[in-house]
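Structure first, commentary second.
The values are calculated or read from the model by the stated rules, or taken from the named source; none is laboratory data. Treat the numbers as computed from the prediction; the structure is a model and nothing was measured. We place every Cβ from the backbone using ideal geometry, glycine too, and count neighbours over all the protein chains shown. Accessible surface areas use protein heavy atoms only, side chains included; no ligands, DNA or RNA. Shrake-Rupley method; radii C 1.70, N 1.55, O 1.52, S 1.80 Å.
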Amino acid sequence: MLKFPAEIFALLFPDNCRVCDVALKEVSRIPVCRKCLAAPAPIEAEYFCLSCRTPFANSYPLDDSGLCGLCRLGLNRFDAAYSFGSYQDTLRKLIHLFKYGRIQTLARPLGALLGASIPAGERFDAVVPMPLHWWRRWRRGFNQAELLAREVARRCGVGVVDAVSRKRATAPQAGLSNSRRRDNVAGAFEVRRPERVRGMSVALVDDVLTTGATANACAATLKRAGVRRVTLLVLARVDRRYSGGIAA
Ligand SMILES: [Zn+2]
Ligand SMILES: [Zn+2]
């Protein structure tokens with residue numbers, strides 16, 4: 001009896017969309033319908049910090065120069081931040097499928113969304129993925145930030161430099177307060193061969209931005225290693241306008 005590898009079987013007999021459950025008509029390596037792939041919309045905000053682009057429900061957290069509390073206090077160590085959408089609805093489901101459902105073929109469409117969030121005229125010398133601790137990477141089989149970084153790098157015509165690594169596994173950030181999150185990740189990163197990024201303008205790529213504590217610690221490490229400019233690029237950010245509290 002012929003035995004098909006699971007992947008070929010899935011190609012021949014498409015299943016249902018893993019987001020909305022509608023039956024898939026087309027054969028595709030991505031088990032998500034076109035409608036769901038096209039659903040994520042860019043973040044829209046009337047009020048946002050000019051530096052880190054955190055959206056706010058009103059102008060209250062912003063000072064006269066348009067900066068949020070964290071940027072005003074110099075707690076944001078990256079020079080600019082761009083994100084595609086809010087971490088909710090279809091975008092959230094797609095990221096979950098990509099990361100926990102291990103559907104790596106989603107890197108292409110999600111990378112395209114990330115690419116769309118980069119303003120025209122932004123130039124980078126290299127794209128740096130947010131590292132996963134080796135243990136977590138080994139368990140998942142891949143680093144989702146690295147797959148996204150490759151897509152961004154391809155679009156920008158530059159290389160991916162795996163410049164940063166995690167010195168230790170940090171406890172999950174979920175459930176920690178903002179200051180605990182900062183303590184949790186302080187000193188968690190290191191740049192092993194700083195000559196690969198010294199003097200460069202780099203795009204630091206991650207899938208989700210929550211409070212920014214992890215991204216900040218990583219950006220600070222890159223800066224200490226001699227990186228000239230760090231631009232944070234994330235696919236989705238936790239939008240506090242929808243979850244109540246404002247982390248300013
Ligand atoms: Zn669907
Ligand atoms: Zn800010």
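Looking only at the stretch 52-70, residues that are open to solvent by less than 30 Å² (accessible area, probe 1.4 Å) and either assigned to a loop (DSSP other than H, G, I, E, B) or away from ligand 2 (no atom under 15 Å from the Cβ) (or both) come to 4 in all.
If you scan the stretch 71-88, which residues turn out to be within 11 Å of ligand 2 (Cβ to nearest atom) and either free of Cβ contacts under 8 Å to residues at least 40 places away in the same chain or open to solvent by 40 Å² or more (accessible area, probe 1.4 Å) (or both)? Even if it seems obvious, please write down each step before you answer.
We begin by selecting, within the stretch 71-88, every residue within 11 Å of ligand 2 (Cβ to nearest atom); these are 71-76, 78, 80-81.
Selection gives CYS71, ARG72, LEU73, GLY74, LEU75.
Residues in the stretch 28-48 that are in contact with a helix residue (DSSP H, G or I) (Cβ under 6 Å, 6 or more places away or on another chain) and of a type in the set (A, V, I, L, M, F, W, C) were compared, and the one that is farthest from ligand 2 (Cβ to nearest atom) is ILE30. Please pick out the residue among ARG123, ARG92, ARG155 that is without any contact (Cβ under 8 Å) to a residue 60 or more places away in the chain and not small (Gly, Ala, Ser). Matching residue, one of ARG123, ARG92, ARG155: ARG155. Within the stretch 27-41, residues that are farther than 13 Å from PHE98 by Cβ and open to solvent by less than 30 Å² (accessible area, probe 1.4 Å) sit with their Cβ atoms under 7 Å from residues that are assigned to a loop (DSSP other than H, G, I, E, B) and within 11 Å of ligand 1 (Cβ to nearest atom), at 6+ positions apart or across chains, in these pairs: CYS33/CYS17; CYS33/CYS20; CYS33/VAL22; CYS33/LEU24.
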